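Participant: Below you'll find the structure I mean.
The values are calculated or read from the model by the stated rules, or taken from the named source; none is laboratory data. Note that the structure is a prediction, hence the values are computed from the model and not measured. As a convention, Cβ positions derive from the backbone with ideal geometry for all residues, glycine included, and neighbour counts pool all protein chains shown. Ligands, DNA and RNA are stripped out before the accessible areas are found, and what is left, the full protein with its side chains, is counted by its heavy atoms. Shrake-Rupley method; radii C 1.70, N 1.55, O 1.52, S 1.80 Å.
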Amino acid sequence: MATLKDNAHLPVFHSKEAIRSIVANWRESGRTIALAPTMGALHDGHLSLVEKGRRVCDRVVASIFVNPKQFAPHEDLATYPRTFEDDLRLLAAAACDGVYAPDAAQMYPDGFQTSVAVNALAAPLCGESRPHFFGGVATVVCKLLLQVRPDVAVFGEKDYQQLLVIRRMVADLDIDVEIVGAPIVRHTDGLAMSSRNAYLTPENRARAVIIPATLAETAEVIGAGSRPSAAIAAARARIEAAGVDRIDYIEARRADDLAPLVDGDDAPARVFAAVVIGGTRLIDNWAVPRNGNP
Ligand code: AMP
């Protein structure tokens with residue numbers, strides 16, 4: 001994937017007028033545009049979104065904005081990793097065509113008071129443990145889509161519930177953009193890449209592998225016919241035994257609408273987990289293989 005190199009030719013736009021103008025120029029000359037929204041601290045998972053955007057459109061914009069509205073007061077907004085110069089080098093090496101990096105005043109000027117709420121899809125899983133989260137995400141993504149006006153926006157399956165919430169919002173609000181999902185990029189030991197992995201001590205980084213290992217096995221046994229309720233109970237016990245701080249959730253749900261996967265249901269499904277290890281909350285999910293398809 002991308003390596004660090006000079007980012008001299010990667011234009012960075014800080015205002016919505018500037019990004020709109022370059023996107024309008026591209027569109028006038030017949031180009032299609034993809035947007036990959038991120039909060040920075042980029043890794044190969046983010047860069048895979050840029051690469052996906054490249055494959056489906058002529059131009060790719062990455063946005064970098066650490067969105068205060070999706071953090072609760074007790075969460076890690078202040079300490080969230082910020083590596084802007086490295087991010088620009090990685091994006092340049094990934095052949096990104098432009099970066100949109102608004103500040104909070106640009107995004108939420110004085111007097112701002114609108115929010116976007118997606119209801120049922122945002123209620124379970126992360127919606128339960130982070131009730132503020134999807135409202136903040138939907139609001140900022142709605143703004144990013146209206147500011148940049150891409151043809152396509154790319155989101156990672158790492159945040160699978162978020163991907164469904166955004167698809168629903170775009171359909172419900174008639175926003176003229178195609179939402180494309182990208183597969184989860186993992187480290188070689190299986191841990192899903194995440195900006196928050198940087199918080200983990202070496203000991204907890206090693207411990208975190210229990211999450212993908214358990215999700216993979218649980219998805220496998222459910223796909224092979226085990227009852228989801230029994231498989232999830234075993235998974236919970238296995239993760240707890242690994243010495244984690246807390247399991248926010250581990251659940252099997254239908255892949256299309258996140259309804260709980262009841263025993264005997266063979267619909268497309270995923271196993272989802274949010275686990276706190278050494279104070280760091282990690283999320284991951286794994287598709288249940290159906291009819292031999294992973
Ligand atoms: P974030 O910067 O964490 O808000 O993530 C920005 C985008 O990158 C979201 O669409 C995420 O789902 C996606 N993303 C983050 N980590 C990964 C990963 N390991 N694999 C694929 N996509 C990812």
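Participant: What list of ³J(HN,Hα) couplings, whole Hz, do you get for segment 119-136 from phi and the Karplus terms 6.51, -1.76, 1.60, once you set θ to phi - 60° and write x for glycine and proline?
Facilitator: Residue by residue, segment 119-136 yields 8, 4, 5, 8, 7, x, 6, 4, x, 6, 7, 10, x, 7, 5, 6, x, x Hz.
Participant: Sticking with this one: Measure nothing but the geometry: give the 0 to 90° angle between the long axis through the Cα atoms of 228-241 and the longest principal axis through the Cα atoms of the chain, rounded to 10°.
Facilitator: Helix 228-241 sits roughly 80 degrees off the main axis of the chain.
Participant: Return one whole number: the accessible area per residue of segment 2-182 in Å², for a 1.4 Å probe. Let's see the in-between values first.
Facilitator: Details: 8030 Å² over 181 residues.
In whole numbers, segment 2-182 has 44 Å² accessible per residue.
Participant: For the chain, with the dipole built from +1 on Lys and Arg beta-carbon atoms and -1 on Asp and Glu ones, taken about the Cα centre, which of PHE272, ILE175, ASN197 lies farthest toward the positive end?
Facilitator: Working it through, the farthest residue towards the positive pole turns out to be ASN197.
Participant: Please give the solvent-accessible surface of ASP172 in Å², to the nearest 10, using a probe radius of 1.4 Å with every protein chain present.
Facilitator: 90
Participant: Of the residues ALA138, ALA267, ALA36, which exhibits the maximal mean-square fluctuation in a Gaussian network model of the chain defined by a 10 Å Cα contact cut-off?
Facilitator: Judging by the Gaussian network model, the answer is ALA267.
Participant: Considering only the chain, what is the antiparallel percent among its DSSP beta bridges, to the nearest 5?
Facilitator: Details: 19 of 37 bridges.
Beta bridges within the chain, antiparallel portion: roughly 50 percent.
Participant: In degrees, nearest 10, range 0 to 90: what is the angle between the Cα axis of helix 16-28 and the longest Cα principal axis of the chain?
Facilitator: On a 0 to 90 degree scale, this one is about 80.
Participant: Any idea which of HIS46, ALA78, ILE211 is furthest toward the positive side of the dipole for the chain, if Lys and Arg beta-carbons carry +1 and Asp and Glu beta-carbons -1?
Facilitator: Result: HIS46, furthest along the dipole toward the positive end.
Participant: What's the extension gain from ARG227 to ASP58 if we count 0.36 nm per residue and subtract their Cα-Cα distance?
Facilitator: Stretched fully, the ARG227-ASP58 segment lengthens by 56.3 nm.
Participant: With the crude spin-label approximation of a point 7 Å out along Cα→Cβ, what separation in nm comes out for SER21 versus ALA171?
Facilitator: Reported label-point gap for SER21 and ALA171 is 3.8 nm.
Participant: Okay, moving on. Charges only on Cβ, +1 for Lys and Arg, -1 for Asp and Glu: so what's the dipole of segment 195-287 about the Cα centre, in debye to the nearest 20?
Facilitator: 340
Participant: For the chain, modelled as a Gaussian network with Cα springs under 10 Å, which listed residue fluctuates most, ALA241, ALA24, ALA120?
Facilitator: Most flexible of the set in this elastic network: ALA241.
Participant: Still on this model: In segment 2-182, with Lys and Arg counted as +1 and Asp and Glu as -1 at Cβ, which of these residues, PRO11, ILE33, PRO109, has the Cα nearest the positive end of the dipole, that is, farthest along it?
Facilitator: Final value for the positive-end residue is ILE33.
Participant: Shifting gears a bit: I'd like the per residue volume of the convex hull spanned by the Cα atoms of segment 2-182, given in cubic angstrom.
Facilitator: With only Cα atoms used, segment 2-182 gives 114 Å³ per residue.
Participant: For segment 195-287, what class follows from the C-alpha gyration tensor (a ≥ b ≥ c being the square roots of its eigenvalues): rounded when a/c is under 1.5, otherwise prolate if a/b is larger than b/c, else oblate?
Facilitator: Prolate.
Participant: Would you work out what percent of the accessible area of the chain, with all protein chains in place, is carbon or sulfur (probe 1.4 Å)?
Facilitator: 51
Participant: With charges only on Cβ, +1 for K and R and -1 for D and E, what is the dipole size of the chain about its Cα centre, in debye, rounded to 20?
Facilitator: Values: 31 positive and 36 negative charges, 35 e Å.
The dipole of the chain has a size of about 180 debye.
Participant: Taking R0 as 45 Å, what FRET efficiency do you get between GLU28 and ASP110 from their Cβ-Cβ distance, rounded to the nearest 0.05?
Facilitator: Efficiency at R0 = 45 Å is approximately 0.85.
Participant: Taking a probe of 1.4 Å, how large is the accessible area per residue of segment 195-287, in Å²?
Facilitator: So segment 195-287 comes to 43 Å² accessible per residue, rounded to a whole number.
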